[in-house]
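**Student:** Quick one: structure below, then a few questions.
The values are calculated or read from the model by the stated rules, or taken from the named source; none is laboratory data. Computed from a predicted model, the values in this text were never measured in an experiment. Note that we place each Cβ from the backbone using ideal geometry, even for glycine, and neighbour counts take in every protein chain shown.
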Amino acid sequence: MAALPVSTRPPIRMERLADIALAMRAGGTPRRANARYWNGDIPFVKIEDITSCEGLHLSGTKGSISQEGLDASSAWLVPPGHVLVSMYASIGAVAINDLPVATNQAIMAIAPDPARVDPEFLAFSLRYLAPQLEARNIQTTQRNINAGILRDFTVPLPPLEEQQRTARILSTIQAWQRQVEAESSRVRNLHTAALAELIDPRWPVVPMGEFAKIGNGSTPKRDDPRYWSGGTIPWLTSAKIHEGIIAGANQFVTDVALRECHLPRVPADSVLVAITGQGKTLGNAALLTFESCVSQHLAYIRIASPRVSAAFLWRVLSTKYEELRSVAMGGGSTKGALTCGFLSSYKVPVPPLGAQERVTMVLDAIDGSRRQRERQLAVGKALFQSALSHLMERSG
């Protein structure tokens, strides 16, 4: 068997940050009690400014300090082009400042040696290696690393020309991702706007309880194998709600669970709504395409009238996320949750079936565009990680 070809590209050396930087210095925070130190002309960088900036480059901050505040603290004026690295909480968050700034003590400003290091390449490398940097955390409560750990941290350092080429490629991929994300956001907004335009105010508005049975399920005891071992009956948690159209289950219960627990069988073409949950779960809706049981965190809307299309109802409820979440969190029902009683009284438009089908067709087309952009984002993310992984492999 012929030998596999061996790459002739030289391996990449790992270098300490302290050895490839002209300077490394953390900042400081002026006393909050002195109003003269704040809201001045000097942008003041905190960790959230770094974690929220798009791409690598930081062009603005939420807060600022005055020259007097700068002089009275350990903060200093960081010239543009420094690589800013978080040492607390979000360890390894990175940005490059495009304007003179001051930073707090949780941020190290690194001045790369321009003869050896491309700032964008260094920033990309540090982002990729952030988990390794975070693993050097020295606290058990508030996570942080110190300046010494960061100075001794090693990063790959190929020839400068290769660094610049790699940074250009990664920046191009990143810019394309931001463009696709912006288009995806516009499509999501278009979905809501299109529904508002398509709904005729003359259509009757009906409480869902008038055309559907609404209830929820339960979670059988996890430590009782009779309920789970060898189960064949699909059972869904609220995490499935984010799929939009639910086409399969990850968990299954037994016939014993069905008999002994509150587990109604929810038929296909029912609509599910997350009635509890953290993050972006509560208030979301999904369309169920197969018979299943659900947890107590999901309400099912089993349509009992031929006048209502499940696909149309799901589309309508999908645009009501903000409203439903506001009701749940604002005391309109149980604090932090929706109730089946509230959903039964919740009114939705019920046009003729032909109109429901037309609305669903338009929104399906918009949703198809959104899914296409999500696939593009996944491809971009894979390309980005592949390029960085290849680089790190050569430094191994």
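**Student:** Restricting attention to the stretch 265-274, report how many residues are in contact with a helix residue (DSSP H, G or I) (Cβ under 9 Å, 6 or more places away or on another chain), at negative phi and either among the aliphatic types (A, V, I, L, M) or in contact (Cβ under 8 Å) with a residue 40 or more places away in the chain (or both). Give the derivation first.
**Tutor:** First, pick out the residues of the stretch 265-274 that are in contact with a helix residue (DSSP H, G or I) (Cβ under 9 Å, 6 or more places away or on another chain): 265, 268-274.
Subset that is at negative phi: 265, 268, 270-274.
Keeping just the survivors that are either among the aliphatic types (A, V, I, L, M) or in contact (Cβ under 8 Å) with a residue 40 or more places away in the chain (or both) gives 268, 270-274.
Count: 6.
**Student:** Please go through the stretch 124-172 and give me each residue that is over 24 Å from I91 (Cβ atoms) and either assigned to a helix (DSSP H, G or I) or free of Cβ contacts under 8 Å to residues at least 24 places away in the same chain (or both), ordered by number.
**Tutor:** Residues of the stretch 124-172 over 24 Å from I91 (Cβ atoms): 158-162, 164-165, 168-169, 172.
Within the stretch 124-172, P159, L160, E161, E162, Q164, R165, R168, I169, T172 qualify.
**Student:** Test each condition in (1) exposed (fewer than 15 other Cβ atoms within 10 Å of the Cβ); (2) outside the structural domain of D118 (by TED's automatic domain parsing); (3) modelled with pLDDT under 85 for R143 and report the one that comes out false.
**Tutor:** That leaves (2) as the condition not met.
**Student:** Is it the case that some residue within the stretch 373-395 is within 28 Å of I275 (Cβ to Cβ), among the small types (G, A, S), at pLDDT below 80 and not assigned by TED's automatic domain parsing to the domain that holds F124? Give the steps one after another, and end with the answer.
**Tutor:** Step one: filter the stretch 373-395 for residues within 28 Å of I275 (Cβ to Cβ), giving 374.
Add one more test, that the residue is among the small types (G, A, S), and what stays is none.
No - not one qualifying residue is present in the stretch 373-395.
**Student:** Are there any pairs, at least 6 apart or on different chains, whose C-beta atoms fall under 8 Å, with the first in the stretch 223-245 and in the same structural domain as L282 (by TED's automatic domain parsing) and without any contact (Cβ under 8 Å) to a residue 24 or more places away in the chain and the second in a strand (DSSP E or B) and surrounded by 14 or more Cβ atoms within 10 Å (Cβ to Cβ), and if so, which?
**Tutor:** Matching pairs, first to second residue: T232/F252.
**Student:** Would you point out the residue of the stretch 98-113, among those that are out of contact with any helix residue (DSSP H, G or I) (no Cβ under 8 Å at 6 or more places or on another chain) and assigned to a strand (DSSP E or B), that is nearest to L160 (Cα to Cα)?
**Tutor:** A111
**Student:** Is there any pair linking a residue in the stretch 17-38 that is under 16 Å from D71 (Cβ atoms) to one that is in a strand (DSSP E or B) and not hydrophobic (A, V, I, L, M, F, W, C), with Cβ under 7 Å and at least six apart or on different chains, and which?
**Tutor:** Between residues of the stretch 17-38 that are under 16 Å from D71 (Cβ atoms) and residues that are in a strand (DSSP E or B) and not hydrophobic (A, V, I, L, M, F, W, C), the close pairs are G27/T103.
**Student:** Starting from the stretch 48-74, take each residue that is in the same structural domain as L99 (by TED's automatic domain parsing) and of a type in the set (V, I, T) and list its partners that are surrounded by 15 or more Cβ atoms within 10 Å (Cβ to Cβ) and part of a helix (DSSP H, G or I), counting only C-beta distances under 9 angstrom and pairs at least six apart or across chains.
**Tutor:** Matching pairs, first to second residue: T61/D49; I65/Y37.
**Student:** Name every residue in the stretch 21-48 that is within 30 Å of the chain's Cα centre (by Cα), under 17 Å from I110 (Cα atoms) and among the charged types (D, E, K, R), in order of residue number.
**Tutor:** K46, the sole residue that qualifies.
**Student:** Filter the helices (runs of 4 or more DSSP H) completely within the stretch 284-373 down to those with at least 1 residues that are among the β-branched types (V, I, T). Give the steps one after another, and end with the answer.
**Tutor:** On the way: elements: 310-318, 321-329, 340-345.
Per the criteria, 310-318, 321-329.
**Student:** Here is a further query. Checking the structure you have, find out if any residue of the stretch 286-300 is of a type in the set (A, V, I, L, M) and either in the same structural domain as R358 (by TED's automatic domain parsing) or at pLDDT below 95 (or both).
**Tutor:** Just the residues of the stretch 286-300 that are of a type in the set (A, V, I, L, M), to begin with: 286-288, 294, 298-299.
Retained after the next criterion (residues that are either in the same structural domain as R358 (by TED's automatic domain parsing) or at pLDDT below 95 (or both)): none.
No; the residues of the stretch 286-300 include none that is of a type in the set (A, V, I, L, M) and either in the same structural domain as R358 (by TED's automatic domain parsing) or at pLDDT below 95 (or both).
**Student:** Still on this structure, I have one more. In this structure, does R259 turn out to be charged (D, E, K, R), out of contact with any Gly (no Cβ under 9 Å at 6 or more places or on another chain) and in a loop (DSSP other than H, G, I, E, B)? Step through it out loud before you land on a result.
**Tutor:** Values: charged (D, E, K, R): yes; out of contact with any Gly (no Cβ under 9 Å at 6 or more places or on another chain): yes; in a loop (DSSP other than H, G, I, E, B): no.
So R259 does not fit the description; no.
**Student:** Let me ask something else about it. Do we have A304 as aliphatic (A, V, I, L, M), in the same structural domain as C261 (by TED's automatic domain parsing) and either buried (at least 19 other Cβ atoms within 10 Å of the Cβ) or modelled with pLDDT under 90 (or both) here? Write out each step before concluding.
**Tutor:** Values: aliphatic (A, V, I, L, M): yes; in the same structural domain as C261 (by TED's automatic domain parsing): yes; either buried (at least 19 other Cβ atoms within 10 Å of the Cβ) or modelled with pLDDT under 90 (or both): no.
Spelling it out, it is not the case that A304 is aliphatic (A, V, I, L, M), in the same structural domain as C261 (by TED's automatic domain parsing) and either buried (at least 19 other Cβ atoms within 10 Å of the Cβ) or modelled with pLDDT under 90 (or both).
**Student:** When the stretch 62-74 is examined, which residues are found to be buried (at least 19 other Cβ atoms within 10 Å of the Cβ) and in a strand (DSSP E or B)?
**Tutor:** If the condition is that a residue be buried (at least 19 other Cβ atoms within 10 Å of the Cβ) and in a strand (DSSP E or B), then I65 is the only one that fits.
**Student:** Read through the list (1) crowded, with 22+ Cβ neighbours inside 10 Å; (2) closer than 26 Å to A175 by Cβ, then give the number of the only condition that P114 fails.
**Tutor:** Every listed condition holds for P114 apart from (1).
**Student:** Another one. Looking at V327, V362, can you tell me which residue is in the same structural domain as W176 (by TED's automatic domain parsing), within 26 Å of P204 (Cβ to Cβ) and of a type outside the set (F, W, Y)?
**Tutor:** Working: V327 fails: in the same structural domain as W176 (by TED's automatic domain parsing).
Answer to the selection: V362.
**Student:** Mind listing just one residue for me: the one in the stretch 229-285 that is at pLDDT 95 or above and basic (K, R) and, of those, surrounded by the fewest Cβ atoms within 10 Å (Cβ to Cβ)?
**Tutor:** R265
**Student:** What pairs come up if the first residue lies in the stretch 348-362 and is closer than 21 Å to E210 by Cα, the second is in a strand (DSSP E or B), and their beta carbons are under 6 Å apart, counting only those six or more places apart or on different chains?
**Tutor:** P349/V205; V350/V206
**Student:** Related question: Looking at the stretch 86-135, which of the residues that are under 21 Å from the mean Cα position of the chain (by Cα) and of a type in the set (V, I, T) is modelled with the lowest pLDDT?
**Tutor:** Taking the candidates together, the pick is I91.
**Student:** Restricting the search to the stretch 49-61, which residues are surrounded by fewer than 19 Cβ atoms within 10 Å (Cβ to Cβ) and either modelled with pLDDT of 95 or more or polar (S, T, N, Q) (or both)?
**Tutor:** T51, S52, S59 - these are the residues of the stretch 49-61 that are surrounded by fewer than 19 Cβ atoms within 10 Å (Cβ to Cβ) and either modelled with pLDDT of 95 or more or polar (S, T, N, Q) (or both).
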